[in-house]
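So the structure is just underneath, and the comments pick up after that.
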C-alpha cells in the first residue's frame, strides 16, 4: 500500500477529527515543521507526523484498544489503566494499516507522543514537544516550555515530563513506564553533562 500524501491525510483527518482536535493537529504540524528546521530534522516528515499524531484521538477507547491489540506493542498494566495515552499507540498501527506509513521514525514519533520513552529520536522529541507548544495550547507553563524549546529540545522534553508527571502525582494518577524511563534517562544525561562541564 502506498503511503498517503499530505493532502490525502488532510482529507482523512478532517473526516475523523472534531474541529478543535483538527485545529490542534494543524498547529502541531506547523510547530513540528518549525522545530525540525531549527534542529536539523526533516521538516516535511515532521509536518506529516504532526498532522497524523492524533488521528485516533476521537475514536472510542474500545476502538483504540482494538488497534493497539493489532500491533506488536504490549502495554504494561499501568498503560492499560490509562486510556488517555492509548490514542498514540493506536494511531501508529492505524497509520501502518490504513494510511500506508512504513517509515518507522514517523510511527515511533506518533506512538510515543503522549508518553515519551527512553532513547527518543530527534523526530520523537520534536513531536512530543510540538504537541505541548503549538500556538493553540494554553496552560500555566506553556510559555516556559516554548522558551525552553527554543533553546534545547532535551530541556523542553524534560520539563514537559516533569510537568505532566507532577500533575499525575498530585491527582493520584498512575505514571506509565515509558514516561519514567524517558525522565530517568534525560535526568541522568543532564547530570553527566553538568559534571563534565565542571571538570
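The values are calculated or read from the model by the stated rules, or taken from the named source; none is laboratory data. Everything numeric here is computed off the predicted structure, so don't read it as measured data. Every residue, glycine as well, gets a Cβ built from its backbone with ideal geometry; the counts of neighbours run over all protein chains shown.
Quick notes
- Single residue of 65, 95, 17 found to be over 21 Å from residue 123 (Cβ atoms) and at pLDDT 95 or above: 17
- Of the residues contained in the stretch 156-168, one or more are found to be exposed (fewer than 13 other Cβ atoms within 10 Å of the Cβ) and part of a helix (DSSP H, G or I).
- Neighbours by Cβ (under 7 Å, 6+ apart or cross-chain): first from the stretch 104-125, closer than 17 Å to residue 183 by Cβ; second at pLDDT below 95 and assigned to a loop (DSSP other than H, G, I, E, B): 115/176
- Any hit, the stretch 129-145, residues being in a loop (DSSP other than H, G, I, E, B) and buried (at least 19 other Cβ atoms within 10 Å of the Cβ): yes
Residues checked against (1) touching a residue at least 60 places away in the same chain (Cβ under 8 Å); (2) surrounded by fewer than 18 Cβ atoms within 10 Å (Cβ to Cβ):
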{"site": "11", "(1), (2)": "no, yes"}
{"site": "21", "(1), (2)": "no, yes"}
{"site": "33", "(1), (2)": "no, no"}
{"site": "49", "(1), (2)": "yes, no"}
{"site": "58", "(1), (2)": "no, yes"}
{"site": "83", "(1), (2)": "no, yes"}
{"site": "86", "(1), (2)": "no, no"}
{"site": "95", "(1), (2)": "no, no"}
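- Yes/no for residue 195 being over 17 Å from residue 31 (Cα atoms) and over 16 Å from the mean Cα position of the chain (by Cα): yes
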